[in-house]
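Have a look at the structure below, then the notes.
The values are calculated or read from the model by the stated rules, or taken from the named source; none is laboratory data. These numbers were taken from a predicted model, which means no experiment stands behind them. Cβ coordinates were reconstructed from backbone atoms using ideal geometry, including for glycine residues, and neighbour counts include every protein chain displayed. Quick note on the areas: whole protein, heavy atoms, side chains included, nothing else; ligands and nucleic acids left out. Shrake-Rupley method; radii C 1.70, N 1.55, O 1.52, S 1.80 Å.
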There are 2 protein chains.
Amino acid sequence: MTQKKLPAVSPAETEILRLVWQLDKATVQDVCNKLPAKRKIAYATVQTLLRRLEKKGYIKHRIRGKAHVFFAAVKSEHVIKRSVGDFLDRLFGGDPIPLMQYLAEHGKIDAGDIEKLKQLAGKK
Amino acid sequence: MTQKKLPAVSPAETEILRLVWQLDKATVQDVCNKLPAKRKIAYATVQTLLRRLEKKGYIKHRIRGKAHVFFAAVKSEHVIKRSVGDFLDRLFGGDPIPLMQYLAEHGKIDAGDIEKLKQLAGKK
DNA sequence: TGACAGCTTGTACAAATGTACGATATTATA
DNA sequence: TATAATATCGTACATTTGTACAAGCTGTCA
């Protein structure tokens, strides 16, 4: 079954969506609490973003008491694929090597990590 | 000297900026011709995007004949750093490993590439 | 059962984005 | 030097994004 093409996820929405994945099931509150301290946005804003994500089809909700409990409606794989693809196209013309290179050079990755990746790449 | 903080580059702008880097010096025409066939946008649109990039400080231009020749005013390194950083934060909470993993698993990378990357990571 | 605390919903709105038309200016060239 | 070709510039405009207030529901607990 082919996935219907969903509208793109905006940057701010992306962050919220990631938190929903991370929490698995989450109320607006939950998401707010999980927001990185750096990026505090109002409860109401989070609500709107969740609403929009639902409208776009990325999440659904169920009622628990008076609260909405949101959860993913699309596999994160799917979203990641699109996002990474678009990002790569825009910034690197679609070639993943420069990106990996950038990540490798900028320190947050060490040789050990890469060894593991090699395994993955091998058995794809 | 610390780089003044420039306004963010939008997705569409990012693509245009990349083409300017790639061409080194480019007129609106040049950029249009370099656009991937997939993504054909009007001459006028490219113009606007270039104008905006200039206003934001990412490129400058010089006049040659009646045409504007645009060129980078900021090191691509700088833009890439910001873009990758933001992207990583939004989609992966800042952790580069899942991204590399994704890239490694999705085929476009082979063990040989990774070997090279390991080198880079090693001597950072 | 009535009040409260906590939620959602409707609505708003400025700024950014994506896209482009039409008018004007400039350069070669006939 | 008039003209055709080609650029730019000003402007426009529908959408999307980011952010949020205020009004109205709804369980809950006294």
(request) Give segment B:22-35 a look and list any residue that's under 15 Å from the mean Cα position of the chain (by Cα) and either open to solvent by 60 Å² or more (accessible area, probe 1.4 Å) or in the same structural domain as residue B:82 (by TED's automatic domain parsing) (or both), or say none. (result) B:22, B:24, B:25, B:34
(request) Could you check residue B:99 against (1) without any contact (Cβ under 8 Å) to a residue 24 or more places away in the chain; (2) farther than 29 Å from residue A:20 by Cα and say which number it fails? (result) (2)
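Every residue in segment B:28-54 that is of a type in the set (A, V, I, L, M), assigned to a helix (DSSP H, G or I) and away from DNA strand D (no atom under 12 Å from the Cβ), please.
Passing the criteria: only B:53.
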(message) Any residue in segment B:28-51 that is within 14 Å of chain A (Cβ to nearest Cβ) sitting within a Cβ distance under 8 Å of a residue that is of a type in the set (S, T, N, Q) and more than 11 Å from DNA strand C (Cβ to nearest atom)? List the pairs, counting only those 6 or more apart or interchain.
(response) B:34/B:22
(message) Could you check segment B:5-19 and list, in sequence order, the residues that are within 8 Å of DNA strand C (Cβ to nearest atom) and part of a loop (DSSP other than H, G, I, E, B)?
(response) B:7, B:8, B:9, B:10
(request) Determine which single condition residue A:49 fails, assuming it passes every other condition in (1) over 20 Å from residue B:105 (Cβ atoms); (2) open to solvent by 20 Å² or more (accessible area, probe 1.4 Å). (result) (2)
(message) Is it the case, given these coordinates, that residue B:38 is open to solvent by 40 Å² or more (accessible area, probe 1.4 Å), touching a Leu at 6+ places or on another chain (Cβ under 6 Å) and of a type outside the set (Gly, Ala, Ser)?
(response) no
(message) Here are the criteria: (1) more than 7 Å from chain B (Cβ to nearest Cβ); (2) without any contact (Cβ under 8 Å) to a residue 40 or more places away in the chain. Tell me which single one residue A:111 does not satisfy.
(response) (1)
(message) Among the listed residues A:65, A:57, identify the single one that is more than 18 Å from residue B:94 (Cα to Cα), more than 12 Å from every other protein chain (Cβ to nearest Cβ) and more than 14 Å from DNA strand C (Cβ to nearest atom).
(response) A:57
(request) Give the residues of segment B:1-27 that are more than 15 Å from DNA strand D (Cβ to nearest atom), among the aliphatic types (A, V, I, L, M) and within 14 Å of chain A (Cβ to nearest Cβ), sorted by residue number. (result) B:17
